[in-house]
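The values are calculated or read from the model by the stated rules, or taken from the named source; none is laboratory data. Nothing here was measured: the structure is a model prediction, and the numbers come from that model. Here the Cβ is made from the backbone with ideal geometry for all residues, glycine too, and neighbour counts use every protein chain on show. Remember, those area values only see protein heavy atoms, side chains included, never the ligands or the DNA or RNA. Shrake-Rupley method; radii C 1.70, N 1.55, O 1.52, S 1.80 Å.
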Number of protein chains: 2
Amino acid sequence: MKAWENNIRKVIPYVPGEQPQQSSVIKLNTNENPYPPSPSVEKALLGLDLDLLRRYPDPSASELVCSIAEFYGVTKEQVFAGVGSDDALAMTFLTCFHSNQPILFPDITYSFYEVWADLFRIPYQKQALDGEFYIRPEDYAKKNGGVIIPNPNAPTGICQPLGQIEEIVKNNSDVIVVIDEAYIDFGGDSALPLLKKYENLLIVQTFSKSRSFAGMRIGFLLGNPDLIRYIQDCKYSFNSYTLNQTAITLGAAVMRDKEYFDQCRNRIMETREWVKTKFLELGFSFPDSMANFLFVTHPQFAAETLFMALKEAGIYVRHFKKPERISNYLRITIGTREEMECLVSFLNTYMSENRSESC
Amino acid sequence: MKAWENNIRKVIPYVPGEQPQQSSVIKLNTNENPYPPSPSVEKALLGLDLDLLRRYPDPSASELVCSIAEFYGVTKEQVFAGVGSDDALAMTFLTCFHSNQPILFPDITYSFYEVWADLFRIPYQKQALDGEFYIRPEDYAKKNGGVIIPNPNAPTGICQPLGQIEEIVKNNSDVIVVIDEAYIDFGGDSALPLLKKYENLLIVQTFSKSRSFAGMRIGFLLGNPDLIRYIQDCKYSFNSYTLNQTAITLGAAVMRDKEYFDQCRNRIMETREWVKTKFLELGFSFPDSMANFLFVTHPQFAAETLFMALKEAGIYVRHFKKPERISNYLRITIGTREEMECLVSFLNTYMSENRSESC
């Protein structure tokens, strides 16, 4: 190691899902939306005054923040907008988990939680999901420095009942409880109504899944105005202007198009329910997903073998080698009906041709 | 304080310059470029495939990174792109200044350095500029955890000779020396040629000033490939995808238009030299700026009084109340020739009408 490397913070980075560039690929590996963003984006883009790009954007991203506040029926002081929910979550970890007590999150969950905790030197304790991959609310009743739970959870797709979420929030009134609702628009019950009752609740959502806008990197937090201001203060100490002008303008246009939003998520939920029936026929088992993906395992076919066979056929899904408990599962994003028909048809053929060998 | 507020990290945030929304204002307070971005932006925007915004952007921002590497004659492994130079700098502080030794930077400089150091709990020692606001290279020869120096410095506009910068880099081979070149394109000598000789050198630049692209939030680092990879690893642990698709595509278009870039910065430098002659006639004194702003003081008129009078006349400039040593200075961005003529003409009238009172 060279002398200048001594003071360098060394981390093991999060590895995002593959982003193959060929357009022929069926991409079911990063939980993107198969439908294009709202048609209102094109209009908003043509209305942009390009000359104004020479100026800094509005640091409060007011136009975007107001569109979110209006959609969810909260005040603009209750909204924080960031560069994807990852930015909103990173700022949340930095701001809200500032103690020596360990924060709590599930052992099987979004793998970035651990990465942020390591990066910011926040102690943590993972709480094991039960045998069916459900969160046990009683695990979150012990002394802690904060709680973060995705609902629905990823990569399982399981949505805990709102009563259990409320129990966890209520039992932890002295710390911040973050409910990561990246996948809530696909059928789960949002914790939004609890915001009126609990000051320690922070909800995270994103434009990347249900709003078909992963390419623009917009996520947001909903919480009590004091908590949001603390997070804003940290954000202003990190980077005053994070959302660029196009994200602000186009994001607001997307948020205002409720009709298109409902159309797309309904189609994805319909397709998901159809895929569930087909996957049961194929012999897969999986938790009852309320997200835009399924988390599947098969008694005869190893996940890694299926992953490779699918990839060779130009169908990308996600396989996590760790933790071991989920190493025989695949996370498969719900694409268009046509894409899912291709997937099912490939699996049908592949599995009947290879069944004898695998058994 | 409520129970949930105990674990909250509380910071005093950086306060960005005012962003008045009225278009009639002459805005000389945030060092933006008075000319619109390259005409290539419109073409690039019309070529965007909006359907693809449903997908995550390329996490390595390869198109943008390659355009930067090509412009500066380095490899793409030597380039890190961020959400403005603030993001690039925040990641640099987080990654490179990870020790118990204090980092060193000037006492009068970009006020965000102190904010990041506080946010990440990095110890620091400010080094006083000399009586003429120059950096004394010998101040940076003591034991430290890293060095950051803007060249030209802000808000003074002073550019230290490259030999002095090399001396500082050379004397600190065991830590990272960051040269913040946000304003280098307005006549200063970049440290770029030193990159071949010194592995501990990191250069920061931005699209916000010389490239008229503050609204898109793009900044970048140039350094040795190992150092860049360490910073990338931290960035991937913070937010995998920071630059959205429009920033990547439009940023690359801007970087490739060298002719327009040269035209704009040359016009700004010409205007700056003209303003210098006029400000001398008005009785101001100021360091010999090599940036797109002047840092001026007047023996008869208090900076704060001028600041208020200008604001009332719809001309926004920047006045820093702290540190006290610069509280009688104004930082004035170089706008178009017409804007600067308005400013000079207003000051001419105002100062002749108010001279007797002020003396």
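Structural remarks
- Boolean, A:Ala61 is modelled with pLDDT of 95 or more, of a type outside the set (Ser, Thr, Tyr) and on the phi > 0 side of the Ramachandran plot: yes
Here is a yes/no grid of residues against (1) of a type in the set (Gly, Ala, Ser); (2) over 28 Å from A:His98 (Cβ atoms); (3) within 12 Å of another protein chain (Cβ to nearest Cβ); (4) buried (at least 23 other Cβ atoms within 10 Å of the Cβ):
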{"position": "A:Lys170", "(1), (2), (3), (4)": "no, no, no, no"}
{"position": "A:Val177", "(1), (2), (3), (4)": "no, no, yes, yes"}
{"position": "A:Gly187", "(1), (2), (3), (4)": "yes, yes, no, no"}
{"position": "A:Val204", "(1), (2), (3), (4)": "no, no, no, yes"}
{"position": "A:Ser212", "(1), (2), (3), (4)": "yes, yes, yes, yes"}
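- Residue check, A:Ser99 in contact (Cβ under 8 Å) with a residue 40 or more places away in the chain, more than 19 Å from A:Pro193 (Cβ to Cβ) and more than 20 Å from the chain's Cα centre (by Cα): yes
- Residue match in the stretch B:263-280 (condition: at the interface with chain A (Cβ under 10 Å from one of its Cβ atoms) and modelled with pLDDT of 95 or more): yes
- Among the residues of the stretch B:236-260, those that are in a helix (DSSP H, G or I), at pLDDT 95 or above and within 13 Å of chain A (Cβ to nearest Cβ) comprise B:Gln245, B:Thr246, B:Ala247, B:Ile248, B:Thr249, B:Leu250, B:Gly251, B:Ala253, B:Val254, B:Tyr260.
- Any hit, the stretch B:6-14, residues being open to solvent by less than 20 Å² (accessible area, probe 1.4 Å) and more than 7 Å from every other protein chain (Cβ to nearest Cβ): no
- Every pair of residues 6+ apart whose Cβ atoms lie under 6 Å, when the first sits in the stretch B:320-331 and is in contact (Cβ under 8 Å) with a residue 24 or more places away in the chain while the second is of a type outside the set (Phe, Trp, Tyr) and assigned to a strand (DSSP E or B): B:Asn328/B:Thr297; B:Tyr329/B:Thr297; B:Leu330/B:Val296; B:Arg331/B:Arg318
- Filter result for A:Ile108 (of a type in the set (A, V, I, L, M) and over 16 Å from the mean Cα position of the chain (by Cα)): no
- For the stretch A:115-139, a residue qualifies if it is at pLDDT 95 or above and charged (D, E, K, R), and the qualifying residues are A:Lys126, A:Asp130, A:Glu132, A:Arg136, A:Glu138, A:Asp139.
- Number of residues in the stretch B:302-342 that are surrounded by fewer than 14 Cβ atoms within 10 Å (Cβ to Cβ), within 30 Å of B:Asp189 (Cα to Cα) and hydrophobic (A, V, I, L, M, F, W, C): the value is 0.
- In the stretch A:39-54, the residues that are among the hydroxyl-bearing types (Ser, Thr, Tyr) form Cβ pairs under 6 Å with partners that are surrounded by 13 or more Cβ atoms within 10 Å (Cβ to Cβ), at six or more places apart or across chains, as follows: A:Ser40/A:Ala253; A:Ser40/A:Asp257.
- Test: residue in the stretch B:288-301 that is surrounded by fewer than 21 Cβ atoms within 10 Å (Cβ to Cβ), without any contact (Cβ under 8 Å) to a residue 12 or more places away in the chain and either under 25 Å from the mean Cα position of the chain (by Cα) or farther than 16 Å from B:Lys27 by Cβ (or both): no
- Only a single item in (1) open to solvent by 10 Å² or more (accessible area, probe 1.4 Å); (2) without any contact (Cβ under 8 Å) to a residue 40 or more places away in the chain is not met by B:Tyr183, and it is number (2).
- Sub-6 Å Cβ pairs linking a first residue in the stretch A:214-235 that is more than 19 Å from B:Asp87 (Cα to Cα) and within 9 Å of chain B (Cβ to nearest Cβ) to a second residue that is part of a helix (DSSP H, G or I) and of a type in the set (A, V, I, L, M, F, W, C), at least 6 apart or interchain, number zero.
- Selected residue (criterion: surrounded by the fewest Cβ atoms within 10 Å (Cβ to Cβ)) from residues of the stretch B:214-230 that are farther than 22 Å from B:Glu32 by Cα and of a type outside the set (D, E, K, R): B:Pro225
- Check on A:Asp233, closer than 30 Å to A:Asp174 by Cβ, open to solvent by 10 Å² or more (accessible area, probe 1.4 Å), not in a loop (DSSP other than H, G, I, E, B) and not hydrophobic (A, V, I, L, M, F, W, C): yes
- Number of residues in the stretch A:24-38 that are open to solvent by 40 Å² or more (accessible area, probe 1.4 Å) and more than 9 Å from every other protein chain (Cβ to nearest Cβ): the value is 1.
- Of the strands (runs of 3 or more DSSP E) that lie entirely inside the stretch B:43-145, those containing 3 or more residues that are buried (at least 21 other Cβ atoms within 10 Å of the Cβ) and more than 10 Å from chain A (Cβ to nearest Cβ) span B:79-82, B:103-106.
- Unmet criterion (only one of (1) under 15 Å from A:Thr156 (Cβ atoms); (2) in contact with a strand residue (DSSP E or B) (Cβ under 8 Å, 6 or more places away or on another chain); (3) open to solvent by 50 Å² or more (accessible area, probe 1.4 Å)) for A:Phe284: (3)
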